[in-house]
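Down below is the structure, laid out as structure tokens.
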Amino acid sequence: MSTHSTISVKLPDGKIRSVYCHFDGMIQSNGRMLVEHYNSQELAEQLTSLGHLSYIAPLFEPTSGSIHCFEDPEPLITVVYSRDRGEKDQIPYIWNSEKDFMEDVEKEEYNYLFKDREWYVDFTADGISEWKLLKSYFPQK
């Protein structure tokens, strides 16, 4: 059984780009991965530009010359539907504004949004929709 999530970023022009991620959507999995490995505007944009994801890992690009695919993934590399599974039309969703995104997004169990240099999470398991600062779920080191 998988825990689905969305991973989104507010772009400099105010639009929101969002992708679906099939596995490990929980805060302790995808949430931690986003905070520890994708905690900048540039990295959040690069991750979401890949299109829909099977799962995220610390790195999003395979080693040059490696054979990385869904059936035989390179360790520590994100698996992408289009690049690694050969699935077509797995491009990111785009909303024209944050308001449009909040009104129209089809939420998954866990939803992540990078904006204003921070990751936020909204998880629907509790039946309440409220965006919270993701790093608040991890103790300070």
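Looking across Asp104, Asp89, Asp72, Asp100, one residue alone is farther than 12 Å from Cys21 by Cα, in contact (Cβ under 8 Å) with a residue 40 or more places away in the chain and more than 16 Å from the chain's Cα centre (by Cα). It is Asp100. The residue list Gln28, Gln90, Gln46 contains one member that is outside any strand (DSSP E or B), out of contact with any strand residue (DSSP E or B) (no Cβ under 7 Å at 6 or more places or on another chain) and closer than 19 Å to Lys115 by Cα, which is Gln46. The sole residue among Phe70, Phe60 that is surrounded by 14 or more Cβ atoms within 10 Å (Cβ to Cβ), touching an Asp or Glu at 6+ places or on another chain (Cβ under 7 Å), more than 15 Å from Lys10 (Cβ to Cβ) and not small (Gly, Ala, Ser) is Phe70. Of note, Ile7 does not satisfy the criterion of being crowded, with 16+ Cβ neighbours inside 10 Å, without any contact (Cβ under 8 Å) to a residue 24 or more places away in the chain and touching a Phe, Trp or Tyr at 6+ places or on another chain (Cβ under 8 Å). Within the range 68-99, the set of residues being of a type in the set (D, E, K, R) and more than 14 Å from Tyr55 (Cα to Cα) comprises Glu87, Lys88, Asp89, Glu98, Lys99.
Under the condition of being of a type in the set (A, V, I, L, M, F, W, C), surrounded by fewer than 17 Cβ atoms within 10 Å (Cβ to Cβ) and in a helix (DSSP H, G or I), the residues counted in the range 93-131 number 2. Quick check, is Glu74 outside any strand (DSSP E or B), modelled with pLDDT of 95 or more and of a type outside the set (Ser, Thr, Tyr)? Answer is no for this residue. Of all residues in the range 112-128, none are farther than 20 Å from Thr3 by Cβ and small (Gly, Ala, Ser).
The set of residues in the range 54-76 being touching a Phe, Trp or Tyr at 6+ places or on another chain (Cβ under 7 Å) and not aromatic (Phe, Trp, Tyr) consists of Ser54 alone.
The values are calculated or read from the model by the stated rules, or taken from the named source; none is laboratory data. Please read these numbers as outputs of a predicted model, since none were measured by experiment. Glycine gets a Cβ as well: all are built from the backbone with ideal geometry, and neighbour counts include every protein chain shown.
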